[in-house]
Amino acid sequence: MSADVILGAQWGDEGKGKIVDLFSEQYDVIVRYQGGANAGHTVIVGKDKYVMHLLPSGVLHKNKMNIIGHGVVLDMESLVGEIEGLQKRGISISPRNLLISENASIVLPYHKLIDKAKEEKKKGGKKIGTTGRGIGPAYTDKYVRIGVRLRDMFNNETLLAKIEENLEEKNFLLKNFYGQKELAAAQVAKEAKKFAKKLKPYMANTLSVLNNLLKKGKKVLFEGAQGALLDIDFGTYPYVTSSNPTIGGVMTGSGVSHRLIKKVWGITKAYQTRVGNGPFPTELDEELGSKIREAGGEYGATTGRARRCGWLDLVALKYVCELNGLSDILLTKIDVLSILKDIKVCTHYIYKGRKTQDFVSDGEELYTVKPVYKSLKGWGSDLTKARKYSDLPKAAKAYIKFIEDYTGVKVSMVSVGPERDQILKA
Ligand code: IMP
């Protein structure tokens, strides 16, 4: 019985989709446990590009069970679209390879309206820059115990009563505070049921399914969404998402014991990016930042937004390693840095006049830190053709070694491009 975890070690967009797809070969079950359709996991197979928002990235492999755990907030319309889109492309998706927790919380249209209206109302710097997918409001409802869950979709009376109760408050807010149109409960319920009907065959007690599969000796891979620095508890609050992309989210979002977890892989890019607002100590100026953005294709898979780019922040990475007990680091997109002569990494912050290696997780305080850099030699050559670790130039190996020495965690794999074969074992 064992399970491994892949989680984002930065602010998301570390390339987890490709890695989960790649690792899926060695696992029987792939599980999404938190987040929602705010995620955008990209997988490239030959000339084909797939972007998954809610589906585990294992769906592209035959004979794998994919599970969406109850920690996920489910945008049914988005999920139905994803399933049907992949089916049209010849990918087989059925309850034989996809199950969704009956207790997953549902994202309803009012969540998205409130998410967007809330953002619009915030003044400049206070905006979070959310994806507008209703994530915060849906998790809010879950935690104030008024959320609608997948199982509620199939009980007409409960569903309508819950939506009516919710809309009593939400319509007041929408109309009087946000100046929006009110929604009609019956209409919301009708629309929701239309999508729920398509998802009903997939609904299951995934907690029991998952634990039974583990008992049978099946290998499970947990696929994190977003990244540790966006964690609601440990990220750069309030510039975070509303779930736990850190290790605790695996247990609370799936119902699997921590005792079964063996490897915890932290995926990090060789540089740093952030999409949306919030502090970013190592952010580069527009000239160098846009050079990296273009070389790395740094545009959001969900919203198409340009990602902010910066130097690798080792202070933050070490914090993430310790917080999650990372067993291994998987370094992605090191090939993008080939365009640079010199590369910097942040080794310390100056915070309140003191030099420190302690991460500052408070979002407002993090704005006040000054990064201290170490310059490392660039390698200036194309890495995308490397297929073995020994193919890497000396300077690239030294860069990797610096990360390992600083964090105390082995960089066990390095990715040098989006294709399945562009991965090197150290
Ligand atoms: P929300 O999750 O849509 O509420 O957005 C909150 C913050 O998390 C915003 O800064 C988003 O840009 C960021 N975010 C949410 N999902 C992702 C993701 O999958 N990758 C990167 N950033 C994300």
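The values are calculated or read from the model by the stated rules, or taken from the named source; none is laboratory data. Since the structure is predicted, the reported quantities are computational estimates derived from the model, not experimental observations. Cβ sites come from the backbone with ideal geometry, for glycine too, and all protein chains shown count toward neighbours. With ligands, DNA and RNA removed, areas are computed over all heavy atoms of the protein, side chains included. Shrake-Rupley method; radii C 1.70, N 1.55, O 1.52, S 1.80 Å.
Inspect all residues belonging to the range 54-72 and state whether any of them is closer than 15 Å to E223 by Cβ, open to solvent by 30 Å² or more (accessible area, probe 1.4 Å) and within 16 Å of the ligand (Cβ to nearest atom).
Scanning the range 54-72 turns up no residue that is closer than 15 Å to E223 by Cβ, open to solvent by 30 Å² or more (accessible area, probe 1.4 Å) and within 16 Å of the ligand (Cβ to nearest atom).
Which members of the range 253-291 meet the condition of being more than 16 Å from the ligand (Cβ to nearest atom), in contact with an Asp or Glu (Cβ under 8 Å, 6 or more places away or on another chain) and among the hydroxyl-bearing types (S, T, Y)?
Once the filter is applied, which keeps residues that are more than 16 Å from the ligand (Cβ to nearest atom), in contact with an Asp or Glu (Cβ under 8 Å, 6 or more places away or on another chain) and among the hydroxyl-bearing types (S, T, Y), the range 253-291 yields only T282.
Is the range 89-99 home to any residue that is open to solvent by 10 Å² or more (accessible area, probe 1.4 Å), on the phi > 0 side of the Ramachandran plot and not assigned by TED's automatic domain parsing to the domain that holds Q187?
Checked against the condition, which is being open to solvent by 10 Å² or more (accessible area, probe 1.4 Å), on the phi > 0 side of the Ramachandran plot and not assigned by TED's automatic domain parsing to the domain that holds Q187, the range 89-99 yields at least one hit.
Which of the residues spanning the range 210-235 are within 16 Å of the ligand (Cβ to nearest atom), in contact with a strand residue (DSSP E or B) (Cβ under 9 Å, 6 or more places away or on another chain) and assigned to a loop (DSSP other than H, G, I, E, B)?
G224, A225, Q226, G227 - these are the residues of the range 210-235 that are within 16 Å of the ligand (Cβ to nearest atom), in contact with a strand residue (DSSP E or B) (Cβ under 9 Å, 6 or more places away or on another chain) and assigned to a loop (DSSP other than H, G, I, E, B).
Across the range 165-190, what is the number of residues that are surrounded by 15 or more Cβ atoms within 10 Å (Cβ to Cβ) and in a helix (DSSP H, G or I)?
Looking only at that region, the number is 9.
Give the residue, chosen from Y299, Y239, that is free of Cβ contacts under 8 Å to residues at least 12 places away in the same chain and within 14 Å of the ligand (Cβ to nearest atom). Give the derivation first.
On the way: Y239 fails: free of Cβ contacts under 8 Å to residues at least 12 places away in the same chain.
Unique residue meeting the criteria: Y299.
Taking the range 193-208 as the region of interest, how many residues are among the aliphatic types (A, V, I, L, M), open to solvent by 40 Å² or more (accessible area, probe 1.4 Å) and part of a helix (DSSP H, G or I)?
Filtering the range 193-208 for residues among the aliphatic types (A, V, I, L, M) gives 196, 199, 203-204, 207.
Still in the running and open to solvent by 40 Å² or more (accessible area, probe 1.4 Å): 203, 207.
Next cut, part of a helix (DSSP H, G or I) only: 207.
Result for the range 193-208: 1.
Just wondering, is there one or more residues in the range 281-296 that are assigned to a helix (DSSP H, G or I), open to solvent by 30 Å² or more (accessible area, probe 1.4 Å) and in the same structural domain as G8 (by TED's automatic domain parsing)?
Looking for residues that are assigned to a helix (DSSP H, G or I), open to solvent by 30 Å² or more (accessible area, probe 1.4 Å) and in the same structural domain as G8 (by TED's automatic domain parsing), one finds none in the range 281-296, hence no.
Taking the residues in the range 14-49 that are among the basic types (K, R) and touching a residue at least 24 places away in the same chain (Cβ under 8 Å) as candidates, determine which candidate is farthest from I135 (Cα to Cα).
K18
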